[in-house]
1. Just need a number here: residues in segment 19-32 that are without any contact (Cβ under 8 Å) to a residue 60 or more places away in the chain and surrounded by fewer than 15 Cβ atoms within 10 Å (Cβ to Cβ).
2. Return the only residue of 285, 306, 222 being over 20 Å from the mean Cα position of the chain (by Cα) and modelled with pLDDT under 90.
3. Of all residues in segment 262-275, which are surrounded by 14 or more Cβ atoms within 10 Å (Cβ to Cβ) and more than 24 Å from residue 207 (Cα to Cα)?
4. Given the condition surrounded by fewer than 17 Cβ atoms within 10 Å (Cβ to Cβ), modelled with pLDDT of 85 or more and either in contact with a helix residue (DSSP H, G or I) (Cβ under 7 Å, 6 or more places away or on another chain) or not assigned by TED's automatic domain parsing to the domain that holds residue 186 (or both), answer yes or no: does some residue in segment 70-78 qualify?
5. Here are some conditions: (1) surrounded by fewer than 22 Cβ atoms within 10 Å (Cβ to Cβ); (2) at negative phi. Residue 39 meets all but one. Which one does it not meet?
6. Taking into account only those residues within segment 129-155 that are surrounded by fewer than 20 Cβ atoms within 10 Å (Cβ to Cβ) and at pLDDT 85 or above, which is nearest to the chain's Cα centre (by Cα)?
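The values are calculated or read from the model by the stated rules, or taken from the named source; none is laboratory data. All figures in this text were calculated on a predicted structure; none of them were measured in a lab. Backbone-built Cβ (ideal geometry, glycine too); neighbour counts: all protein chains shown.
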């Protein structure tokens with residue numbers, strides 16, 4: 001076992017999320033007021049989008065707070081997976097938002113609303129500036145954390161939405177062509193949907209304990225075999241605990257050596273895994289002859305214990 005104590009690879013400061021949430025709430029109130037005064041359904045729709053985003057950012061913030069709780073005897077991995085569940089929930093919310101935008105766009109094609117374009121433009125421009133600030137705050141943290149990435153995509157969706165409202169406002173102001181609004185809404189919906197599907201797929205992969213995308217199992221096996229004293233690798237599993245924290249379990253077939261030499265082998269294997277693949281949590285079982293299950297390859301098929309009335 002590679003004992004690490006407490007790791008903070010997945011720990012992220014909640015400060016950028018708090019500032020982004022405050023920005024979203026202020027702009028949302030401004031857009032609701034501006035939408036009702038100008039009669040712009042686009043602005044009210046964008047405010048609705050921001051309401052969903054404020055809930056999503058709150059969920060992300062809650063997840064980060066819970067994830068910091070220490071591990072316990074009943075939850076030995078701690079609460080890290082809360083962040084992945086929040087990301088999955090946010091991804092699903094984004095898909096619902098995209099579906100709502102498509103529905104609204106369809107309604108507007110059949111009945112384009114009369115809009116006070118100047119006020120619509122002013123409020124949308126304020127929203128755009130605020131959303132760009134939110135993107136700047138969350139961009140760095142979103143690279144290493146799926147939960148923050150989900151929140152980041154909400155803000156990106158808002159930004160694109162604001163740009164869309166501005167473009168629609170300019171077209172309506174200059175040409176009077178009301179169909180600009182629903183056409184741009186559909187484009188916004190497609191972009192939001194693209195980001196949402198990616199987040200849901202990534203979160204589902206983590207919850208299904210799929211091998212992380214940047215890790216090739218065959219390369220991991222070959223890397224471990226390069227360590228002096230290791231003859232084979234079996235029953236290997238690699239998975240993601242939460243964003244940036246990767247775990248591995250495997251059986252190592254080693255040459256018959258003293259126990260002190262076995263400890264050296266473990267240390268070298270763990271160093272290679274951390275250095276080459278960023279795998280920091282390992283459980284390695286040492287064996288001097290291959291187990292029957294692992295004789296045919298490195299990846300074992302999981303089997304349930306048979307109900308035979310006795311234990312192996």
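1. Step one: list which residues in segment 19-32 are without any contact (Cβ under 8 Å) to a residue 60 or more places away in the chain, which gives 21-22, 25, 28-29, 32.
So of that shortlist, the ones also surrounded by fewer than 15 Cβ atoms within 10 Å (Cβ to Cβ) come out as 22, 29.
Residues meeting the conditions: 2.
2. On inspection, the qualifying residue turns out to be 306.
3. Those that are surrounded by 14 or more Cβ atoms within 10 Å (Cβ to Cβ) and more than 24 Å from residue 207 (Cα to Cα): 262, 264, 265, 266, 268, 269, 270, 272.
4. The answer is no; no qualifying residue exists.
5. Going through the list (1) surrounded by fewer than 22 Cβ atoms within 10 Å (Cβ to Cβ); (2) at negative phi, residue 39 breaks only (2).
6. 135
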